[in-house]
Structure formats: C-alpha cells, structure tokens
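A quick write-up on the structure given underneath.
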C-alpha cells in the first residue's frame, strides 16, 4: 500500500485519493475493505473496475444521481448480441432478448444500502457477480443509467488492442 | 434486386454472388428466402449479419467446419460484462455468469438442419432471436467457435465511431 502511495498517488499528483487499502480474496471483500476506510461524511459510494479506463465524468454523475434517488445505480448498455449459455463448447440455452443489458462500472450506492448488502451477503455466504446483485437480493431497486460501448473492460490482449485504438482516436480528436 | 445487382455486385466485381434475393419481414423469413435461392449442390449454409463488417476468413472457416461436423455452429465471445435483465430502467435479474457468451455471426448450418429448423419454426409459429436458436429447439447441437471483440455490430452512431477506429488501426497496420 505504501508502494501504491509512492509509485502512483504521489508521482501523478492524485490529490483526491484519501487512502489506498489492500484488496480481499473476492471482489466484494475488496469493496468491503474500501467501505471501511471511507471518511464518516461519505454518503454515496462509487465502485469502479480498475480495468475500465474509459469511464467519463457523465457516467459518474449519472450513477451518483441514481444512488441518491433510489439507493443504487449501475451503468449499462443494451446487449447488442444474442446471449447464449454454453457448456462444453455447445449451446445449452438462448436467453430471451427482452431487456438484457451488459452492466459495467461505475456503480454507485448510498452508503447504508451498500453496507447492508455486503453484511447480508457475508452472513449468508453469498458471492455476488457485482455489488448491485447483492443489493438486488435485498429486494431494493437498482437503477440503470447509460454506460458506453467505449467503456471497455481491458483484460485480454484483444481488449488492449481495442483500447489502444480508442485512445489513438481520442488523441486525434484532441489534435 | 436489380438495383443491388447494378449498384453493388457489378461495380464492385463481386463474382461469388450467385443471387440477390428480397428479404422478408423477420430475420428468419429472409434466411428462408436465401435458402430457397441456393443452388442444389450447396450443402453448408452460412448466415451473416450485414451490419458486421469485420468478419474474417478464419471465422467463416471455423463455423463451416463446425456445421460439417455437428450440423450447426456459431461464432461467439465470452460475455465480459455482467448481464442483467432490466425493466422500466430498473434491474429485475442478474444472470448467473457461468458459460454466458455473446453470440455473433457468421453462423453455419448443414442445409438439411437449417431447412428443418426453419420449417418447424414456421409450422409452430416460433420466432427465433437467431437461426441457431431454431436449431436448438430441435434438440440438435450447436457448436460455439471463437468470434472476436472486433466483430462489431455497427448499428448506432457510437458503433460507427468504434468501427472507424478499428478500420483506421487496420489501415495503419497495413501501412
């Protein structure tokens, strides 16, 4: 953590970083650790994947607005492709297409809602695909706000190449 | 159809185009019309979305090989995002993540399998998200072969901009 502070926060002058905390075994453990490190006055918590560099200020504002209004919000884009479930290289199910969305981050939560969702998941031994799923389990609403197809998750070499294309296009636009 | 012949097939010298046929009301109607126009000797049928310009020869070979072996094959990439079902701007369900794939085209079928799938769908009044779904209904296997994240569906202005980035990067690579 001191290393992150010394190699990232300080050299890049990231003045808004309040603390760098160690992650946990699962995504929700890392989020719980972050939640514990928040200052008392924080009322809305935004969770973002480090592998999504193309997040915009608009997305953050939209999820924060959603969290303030209904308690939780995620960014998403409608699923452009047909989604199927595959097992052993063979299709086992084609999902009904109505209302399918590809959910991204940022996701935002009112602090109390996120804390309750994480505690309940911990107590009941539930692992969520994302924190929003843990909130959904509580029967609470999760609003969907517009993400973007550019808001790529960069995890494979192919994603990296696509990310470079997006970056280059942004550079060109800026001149 | 004469217009397509005169404005596309001839000026671009597309010598492999056997016929241009009118589409139908639904995707499966268009595919059925194409199927009827095929020469008698065609044994494997490849279906491709006109809005996916980044198809590669490898993808076509892979789906054709799959169709020859098991009767049907689709290109797909694993779902990078969490998939949720949304209604009225609010999440109603988070899908279990195991084995979820985003299915693209090309999709390939042995001619008899596709004909049977389309006839059964017609007889039973079923509309499929894709032709593979109609084959799945028959209880027949549909193999999944690698597509690509570049194999974009270009339908929105945002898709168009992303497609331009991919094209520009390809041009740069070719020098």
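Some observations on this one:
- When restricted to residues that are more than 10 Å from every other protein chain (Cβ to nearest Cβ), closer than 18 Å to residue A:97 by Cβ and either within 15 Å of the chain's Cα centre (by Cα) or outside any helix (DSSP H, G or I) (or both), the stretch B:121-144 contains 4.
- Extreme residue, farthest from the chain's Cα centre (by Cα), among residues of the stretch B:96-115 that are at the interface with chain A (Cβ under 7 Å from one of its Cβ atoms) and at negative phi: B:97
- Qualifying positions in the stretch A:49-63 - within 10 Å of residue A:106 (Cα to Cα) and surrounded by 17 or more Cβ atoms within 10 Å (Cβ to Cβ): A:49, A:52, A:55, A:59, A:62, A:63
- Selection status of residue B:80, within 14 Å of another protein chain (Cβ to nearest Cβ), in a loop (DSSP other than H, G, I, E, B) and over 19 Å from residue B:108 (Cα atoms): yes
- In the stretch B:98-114, the residues that are closer than 18 Å to residue B:66 by Cβ and either at pLDDT below 95 or surrounded by fewer than 19 Cβ atoms within 10 Å (Cβ to Cβ) (or both): B:99, B:111, B:112
- Any chance residue A:118 is more than 12 Å from chain B (Cβ to nearest Cβ), more than 30 Å from residue B:63 (Cα to Cα) and touching a helix residue (DSSP H, G or I) at 6+ places or on another chain (Cβ under 7 Å): yes
- The set of residues in the stretch B:121-143 being out of contact with any helix residue (DSSP H, G or I) (no Cβ under 8 Å at 6 or more places or on another chain) and touching a residue at least 12 places away in the same chain (Cβ under 8 Å) consists of B:132 alone.
- Condition met for residue B:74 (closer than 26 Å to residue A:147 by Cβ and either within 20 Å of the chain's Cα centre (by Cα) or in a strand (DSSP E or B) (or both)): yes
- Filtered residue count, the stretch B:145-158, keeping only those that are outside any loop (DSSP other than H, G, I, E, B), at the interface with chain A (Cβ under 9 Å from one of its Cβ atoms) and without any contact (Cβ under 8 Å) to a residue 40 or more places away in the chain: 1
- Each residue in the stretch B:20-36 was checked for being in a loop (DSSP other than H, G, I, E, B), surrounded by 13 or more Cβ atoms within 10 Å (Cβ to Cβ) and in contact (Cβ under 8 Å) with a residue 12 or more places away in the chain, and 2 pass.
- Residue count for the stretch A:59-73 satisfying the condition of being touching a strand residue (DSSP E or B) at 6+ places or on another chain (Cβ under 8 Å) and either within 7 Å of another protein chain (Cβ to nearest Cβ) or farther than 16 Å from residue B:86 by Cβ (or both): 8.
- Criterion: free of Cβ contacts under 8 Å to residues at least 40 places away in the same chain, out of contact with any helix residue (DSSP H, G or I) (no Cβ under 8 Å at 6 or more places or on another chain) and either part of a helix (DSSP H, G or I) or farther than 28 Å from residue B:162 by Cβ (or both) - qualifying residue of B:69, B:41: B:41
The values are calculated or read from the model by the stated rules, or taken from the named source; none is laboratory data. Note that the coordinates shown come from a computational prediction; the quantities given were computed from them, not determined experimentally. Using ideal geometry, Cβ is built from the backbone for each residue, glycine included, and neighbour counts are taken over all protein chains shown.
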